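Colleague: Encoded as structure tokens, here's the structure I'll be asking about.
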Amino acid sequence: MFDTTPSTPAPKTPEEALRAIRLIWAGLLMGQVMIAIVAAVLHTQGVMPKLPELGFYFAIFAIAETVVAIPAGLFVRGEVYKRHWQGHAVTPAGYNTGMLLFLAICEGSTLMGLIFILVTGTWFPTILAPILAFAAFVANFPNGKAMQPDDPFATPPSP
């Protein structure tokens, strides 16, 4: 009926997983930076709409969403890690899944705030949400620590 096999195989080693998620991290980072550049250029050219009455409500919504989304993303990542825990470390596939979900949540908050800025033309306080989400995104650069066993004498997880 349906083929449920993944089109690309899951990473088998921590090095493969780290290389893949870092590439994804860089791509997501560039998307956020490009949208921010577009917003800044449109603002300096004076082509953005001026809707300050909506800007305040959009800013409150963006900040509230970001304040809820970042801890929720950390929780989701932790739950994914728990499901993929083997021995004393997270499997490479679990690491990538958890990180990808968290990074997507952070990017969603960043882009939502930037789009609100584009729609309303109001930078402050709306810009606080993208800054907070972007900071969480950058602070969680994939380092692979969750794939390293706590016990240096532990046997590595079997593939």
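Values in this text are rule-based calculations from the coordinates and carry no lab data. Keep in mind the model is a prediction, meaning the values are calculated, not measured. Methodologically, a virtual Cβ is constructed for each residue, glycine included, from the backbone with ideal geometry; neighbour enumeration extends over all protein chains shown.
Colleague: What do you get for the angle between helix 52-83 and the principal long axis of the chain? Use alpha-carbon atoms, 0 to 90 degrees, nearest ten.
Modeller: In the chain, helix 52-83 runs at an angle near 0 degrees to the longest axis.
Colleague: With unit charges on the beta carbons (Lys and Arg positive, Asp and Glu negative) and the dipole taken about the Cα centre of the range 14-147, which residue among VAL90, MET30, ALA72 sits farthest to the positive side?
Modeller: Selected residue: VAL90.
Colleague: Can you compute log10 of I(q)/I(0) for the range 14-147 with the Debye formula, treating each Cα as one identical point scatterer, at q = 0.21 Å⁻¹?
Modeller: -1.10
Colleague: Separate question: State to the nearest 20 debye the size of the charge dipole of the chain about its Cα centre, where the only charges are +1 on K and R beta carbons and -1 on D and E beta carbons.
Modeller: My answer is approximately 100 debye.
Colleague: Taking 7 Å along the Cα-to-C-beta vector as the label spot, tell me the ASP150-ALA72 distance in nanometres, rounded to one decimal.
Modeller: Output for this residue pair reads 2.9 nm.
Colleague: Okay, moving on. Taking 7 Å along the Cα-to-C-beta vector as the label spot, tell me the THR44-LEU101 distance in nanometres, rounded to one decimal.
Modeller: Distance between label points: 4.0 nm.
Colleague: While we're looking at this one, here's another question. Determine the calculated [θ] at 222 nm for the chain from helices alone, applying -39500 (n - 2.57) to every DSSP H run no shorter than 4 residues and normalising by the residue count; nearest 500 deg cm²/dmol.
Modeller: -23500 deg cm²/dmol
Colleague: So if we plug the beta-carbon distance of LEU118 and THR13 into 1/(1 + (r/R0)^6) with R0 = 41 Å, what FRET efficiency do we get, rounded to 0.05?
Modeller: It comes out at approximately 0.50.
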